[in-house]
Structures are given as structure tokens and as C-alpha cells.
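Shown next, in C-alpha cells, is the structure this report addresses.
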Amino acid sequence: MAKRKSFLVIGLGRFGVSLATALIDEGQEVLGVDIDPAVVQRLSGALTHVVTIDSADEESLAALGIGNFDAAIVAISGNFEASVLLTLGLKRLGARYVVAKANTEEQAEVLTRVGADRVVQPSRDVGLRTAHQLVSPNVLDYLALKSGMSVAEIHAPTFMAGKTLAELDVRRRYKITIILIKNGDRFLISPDPDDLIQASDRLVVVGRDEDIARLQV
């Protein structure tokens, strides 16, 4: 079972609420922060703690004990400048790990440059995936689909190296589907049957948990 962690989620819009509630579902502690008292009141029973704070007030943020959280998530909606300033402020206050929300690649680059340890460009599903990754820092990156099914990122098994997808026939033989192949700048989405697997490739696959596990033996 994953170790219980504590998270600070600032901005309780769609992404922030999705992420915060997913973390709660994972058995983690979440302090939610929003400037709108009505939002805070609505979520008071859903999160571990929730408070009304203007995130631009660094003194109020400092009083939360930023350095005590395993991660702080900047989930502010509609105000990119505020997200940048908050990311800077959290780092200045000793945040261990900052995840920041961006809407574009340009915003993602800026947030990374000002100190965000990780930047996401979210939808509701990305919020759920991010929660699972934060709670379970495993080698494999899992996204649960339904009971017994997962999307997982794995190292290409040795037996696949130097063979095409057509030669491997993984759907029939191994009951999994390869949806992405990546290796540095190489990034193949929905790869073709004649695409070759290289020894250093990482594969994103979908299938039953037991079939995915069998590939890693």
C-alpha cells in the first residue's frame, strides 16, 4: 500500500477538485485552498481540510507550513500570471515539490523555468492520472481503466528488440495493445505494424494487469 502523503492543492476549479478528490480516494491527506468562500464551504466535507486564502498573500501561505507538504499543486484557473507568481512563492517558502497547471506549451515552459518540478496540461482525466502518479512513484506509470485493466509504461522486453509489431503480433500472443513507443526524440503514437522495437524503447501498453505483468518477467 502506498505511503500516506499530504498535498496542498491551491485553486479548486475543475482540475483542482478532480485532483484533490482523487488524492482523497487514494487515502491521502489534502488541504484545499481557494479564494472563494462559497467554493471552500461546498468542499468542506470532501477534503481533509479546506481554507479560504488569497494565494497572492505570501504571508498567509507561509502560515500553512508549505515545507511540510509532500507536494503543492498550483491549480489556479484563468490567471496565468498568478500561477507563475504562486509557483515562485511556493519555491521561496520551501515547497518540496511543485506541480503547476498550464494551458499551453508556452505556459508550461515558463512555469518550468520559474521552478515548477512538474507541469501538467490538464483535463479531468489528467487530474486523476496525476494523483495516481504522485501517490505511487513506481517505475511503471499506471492509469487505471476498470477493474483488472490498466495503461502502463514499461521498458521494452528483451525479446521484442529488433522485431516489428507485425512480427511480434502482441495482441494475439500477449493480449496487450501497444499504443505508444518512445525513446528520446522518437515518439510514435498508434505505431504501424512495420514499426521496429528497439532495445532502449519504452512502451505504453493497455491490457489486463496480469498480461502486462507477464511482459515484465
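Please label the shape of the chain as rounded, prolate or oblate, based on the square roots a ≥ b ≥ c of the eigenvalues of the alpha-carbon gyration tensor (a/c under 1.5 means rounded; beyond that, a/b larger than b/c means prolate, else oblate).
Verdict is prolate for the chain.
Gap in Å between the Cα centre of region 65-125 and the Cα centre of region 159-174?
The two parts, judged by their Cα centres, are 40 Å apart.
Taking 0.36 nm per residue of sequence separation and subtracting the Cα-Cα distance, how much length would be gained by fully extending the chain between Ala56 and Leu188, in nm to one decimal? It would help to have the intermediate numbers written out before the result.
On the way: separation 132, 0.36 × 132 = 47.52 nm, distance 4.12 nm.
Full extension from Ala56 to Leu188 adds 43.4 nm.
As a test, work out the antiparallel percent of DSSP beta bridges whose residues both lie in region 143-215, rounded to the nearest 5.
Around 100 percent antiparallel, to the nearest 5.
Would you please classify the overall shape of region 6-135 from the alpha carbon gyration tensor, given that a ≥ b ≥ c denote the square roots of the eigenvalues, rounded means a/c under 1.5, and beyond that prolate means a/b larger than b/c while oblate covers the rest?
It is rounded, given that a/c, with a ≥ b ≥ c, falls under 1.5.
Number of Lys pairs in the chain with C-alpha atoms less than 22 angstrom apart, excluding same-chain neighbours closer than eight positions?
Qualifying lysine pairs in the chain: 6.
Output ³J(HN,Hα) for region 182-193: one whole-Hz value per residue in order, computed from phi by the Karplus curve 6.51 cos²θ - 1.76 cosθ + 1.60 with θ = phi - 60°, and x for Gly and Pro.
9, 6, x, 7, 7, 8, 10, 8, 6, x, 7, x
Tell me whether region 143-215 comes out rounded, prolate or oblate; compute the Cα gyration tensor, take square roots of the eigenvalues as a ≥ b ≥ c, and use a/c under 1.5 as the rounded threshold.
The shape class here is prolate.
Give the percent of DSSP beta bridges with both residues in the chain that are antiparallel, rounded to the nearest 5.
50
Have a look at Ala20, Val33, Val151 and report the one farthest towards the positive end of the charge dipole of the chain, computed about the Cα centre with Cβ charges (Lys/Arg +1, Asp/Glu -1).
The residue sitting farthest along the positive end of the dipole is Val151.
Residue farthest toward the positive end of the dipole of the chain, with Cβ of Lys/Arg at +1 and Asp/Glu at -1: which of Met160, Ser55, Ala116?
Value computed over the given set: Met160.
Go through region 109-114 residue by residue and turn each phi into a ³J(HN,Hα) via Karplus (6.51, -1.76, 1.60, θ = phi - 60°); whole Hz please, and just put x for glycine and proline.
After applying 6.51 cos²θ - 1.76 cosθ + 1.60, I find 5, 4, 5, 5, 5, 8 Hz.
Filter the trypsin sites (Lys or Arg not before Pro) in region 160-209 to those in DSSP coil with at most 16 other Cβ atoms within 10 Å of their Cβ, and list the result.
Those that pass, being in a loop and sparsely packed, are Lys163, Lys175.
Using 1/(1 + (r/R0)^6) with R0 = 25 angstrom and r between the beta carbons of Arg214 and Lys3, what's the FRET efficiency to the nearest 0.05?
0.35
Residue-wise, which Karplus ³J(HN,Hα) couplings in Hz belong to region 47-61, taking 6.51 cos²θ - 1.76 cosθ + 1.60, θ = phi - 60°, and x for glycine or proline?
In residue order, the calculated couplings are 10, 4, 9, 8, 9, 9, 9, 7, 5, 6, 8, 5, 5, 5, 5 Hz.
Read-outs throughout are calculated quantities, based only on the coordinates presented, and are distinct from any laboratory measurement. Just so it is clear, the structure is predicted and the values come from calculations on it, not from any experiment. Quick reminder, even Gly has a Cβ in these numbers, built from the backbone with ideal geometry, and neighbours come from all protein chains shown.
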